[in-house]
1. Per residue, how much space in cubic angstrom lies within the convex hull of the C-alpha atoms of the stretch C:242-288?
2. Which values, in whole Å and largest first, are the semi-axes of the equivalent ellipsoid of the protein assembly as shown obtained as the square root of 5 times each eigenvalue of the Cα gyration tensor?
3. Of C:TYR399, C:TYR144, C:TYR307, C:TYR97, how do they rank once you tally other Cβ atoms within 10 Å and put the fewest first?
4. Please label the shape of the stretch A:12-264 as rounded, prolate or oblate, based on the square roots a ≥ b ≥ c of the eigenvalues of the alpha-carbon gyration tensor (a/c under 1.5 means rounded; beyond that, a/b larger than b/c means prolate, else oblate).
5. Which of A:TYR226, A:TYR160, A:TYR238 moves most in a GNM of chain A, Cα contacts under 10 Å?
6. Rounded to whole Å, give me the distance from the Cα center of the stretch A:59-102 to that of the stretch A:235-304.
7. Work out the mean other chain Cβ neighbour count within 10 Å for the residues of C:205-217 and drop it here as an integer.
8. With angles folded into 0 to 90 degrees, how steeply does helix A:203-216 sit against the dominant principal axis of chain A? Use alpha carbons for both and round to 10.
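We did not get these values from a lab; they are worked out from the coordinates using the rules stated. The model shown is predicted, which means the values in this text are computed figures rather than measured ones. For neighbour counting, all protein chains shown are included, and Cβ atoms are generated from backbone atoms with ideal geometry for every residue, glycine included.
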Amino acid sequence: MSANRRDFLKLMGAVGVGNLLGTESADASAPERSSDDWLGMLTDLTLCIGCRKCEWACNDVNGLPNRPLEVFDDQSVFERQRRTDAEHFTVVNRHIPGEPGAKPVYVKVQCMHCNEPACASACLVAAFRKTRTGQVVYNENVCIGCRYCMVACPFSIPAYTYDKAFAPVVRKCTMCFDKVAERHEVPACAKICPVEAITFGKRRDLLALARERMQHESARYVNHIYGEHEVGGTCWMYIAGRPFEQLGFRTTLGTTPAPDLTSTFLSAVPLVLTLWPALLMGAYAFTRHRDELAQTGEAENAPTTREEG
Amino acid sequence: MQTLHESMMQTKTVEYVMAVIFLVTFILFWRFVGRKR
Amino acid sequence: MAGHPTRAMGWRAWLADKLFMGKPFSEYARGLVTPFNVVAAMILCVGLPVTFIRFTRGLAATTNLSNDYPWGLWIGFDVLCGVALAAGGFVLGSAVYLFGLRDYHCLVRPAILTGFLGYFFVVVGLCYDLGRPWRLPYPMLVSYGVTSVMFLVGWHVALYLTVQFLEFCPALFEWLDLRKLRKWVGRLTIGATVFGVILSTLHQSALGALFLLAPHKMHPLWYSPFIPLFFFVSAVIAGLAMVVFESMLSHRVFHHQLAGRSPVRTDRLVIGLGKAASVLLFTYFCLKWMGVAHGQHWDLLNTPYGYVFLLEVFGFVLAPALLYAVAVRRQSAALVRFTSVLVILGIIFNRLNVSLITFQWDHEARYFPHWMEFAVTITIVTVGLLTFRWIVNRMPVLYDHPDYVVTPVAPGGDGGPNADTT
């Protein structure tokens, strides 16, 4: 990418972020909430060289156990597919395509910061929320550790500190929410990437950028932006030079957002709460009426006569 | 634009509170209907 | 029961009478040494240290849970199976008090006790599983995740425990000889029963609805938009089967309390329950096939997981439906009892299939519980049985307290909103 475009996007990102963040912590019911404000990340998988400096930077910025940068050059880590865990908010996996001589593709995995996060929908204490700027963040002060968020996440991202007995927490990428919010900086992985495979900016700008790249070099890219519509759309998106199913992506997720999956059942709940009392008390009244008839029938022991009313 | 999650937070809160109020008023209404004059 | 100490004789004597069932302590202590108790003590000798480890060293030290498998045996069995098998309380309660099937009155209290203890120990099991169990009240008091099905489950289990306790209170107050309280709580029976049915409908189905959020992780033959309905119907069936099973065990363990009861009458009730369960099982069988049709997953039946599904549906749903039907036609209570065990195993099989066996079914690395997870589960079941026995040995659960005449439900007699219109 030319120096001009890089600086332009960084400027846009900073300006856009600066615009919004003045009011981030203010009243959450501000009228001009818009998904246009959402920030996101675009990872261009045709550029990634698998250096894993993003992993180092992520560990560094989040206070995770880290090792010197040189250790990340070790290629043996690619021999198996890794997933995020309590001490790794992001991992880079290598995928070697079938054809002989084809170049390996490196894929960075982390929280997708979904538009309609399943974790937020699942959490019974609302520990997850999607901020005005689009990041999905976790509040450990209310979490009870039920781990339903981990069941619900279609990308299997949240990890749990099972080894902690007294203060276990859920851990995942925050898109450097604190850095972005307080210091108007670019998230650590995007900043350190030496080939600028990761771009940070407004989601709608990133979509435009992705489409532009795919248009300019249509032979280079597969015609699909992963995360544009998956599970209702995500703020972290990918473009790639090979079909996504070959790169370890889940391509059968569909476009239904998570809250839609349970909304039918949840709509039935207040109806049951309202209708069941009438049905059940009706049954009880019918039963009692029948008993009264049986008792009066025994007492009178007379053949019943038809009566009006 | 509100996300589905945000709109659901509002509707569910209203619905659950209404359901509790309905349960209480139902009990009162049942007693009202059953009471002989 | 004649000549038991009253409070006038001093609270120490009264307490001893209540705790030691009217026996002198030495005799009571000697009577404690039974094979069952010895085995139970051995189980506790393992379970208590494991509990200590769990709460001092965390989940990693005592479970095989992982980031790919966040729910294990304690959720799949202790919570899901426990709640389903504790459903007898609301089923029998509504049958007797709302639908007027008064013949089954003698089965209500044991069913409610099973229900109350069942839910109570489900919560105990849950506390082992939660990362921060001391925050269990948070969804009730601190932060409300109203969009979550789990939020519903939490609220309903808490409320339902309260309701089941209220429904059990008449027995408790009779034992404690608190007449006024006994009368007052008796008037709550109808309201508590109605509320209990509402809550049960919602949380039994909500436990199924939890899995609606994970379509990509469940095998298509088990994932269905109808899962809440499947869970509710199978819970009612589980409740009926558990009432039969529990009555079968009680007759053996507490035969001295039931000596006066006619076995023919009990058999008739058991057959009646079997009849209801038979019809429900057949209906549930049809519903499961509706689920397959809805998802158009016929081709998946000819796969290994498909065979598991066929086993569950034919072996543990249709087969017991037919066995119950045969038992009813032949008036064989013994066959009803046998089939009930099959049904209980089938419910457990279904819940484990949904939550563990077919969850992340396409993953290479699969989860199997740590031995300590088994130890905790067995310990909880054991303590539950011991508690059940302790209560039944003392309180009027299997028999009617002679001081409290149980009248047939006259208008307003057994409590309810119109109790004042006698």
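1. Output value, Cα hull per residue: 57 Å³.
2. 56, 28, 26
3. Arranged by neighbour count, lowest to highest, C:TYR399, C:TYR144, C:TYR307, C:TYR97 become C:TYR307, C:TYR399, C:TYR144, C:TYR97.
4. Rounded, since a/c falls under 1.5.
5. A:TYR160
6. When both Cα centres are located, 45 Å separates them.
7. That works out to 6 on average.
8. 50 degrees
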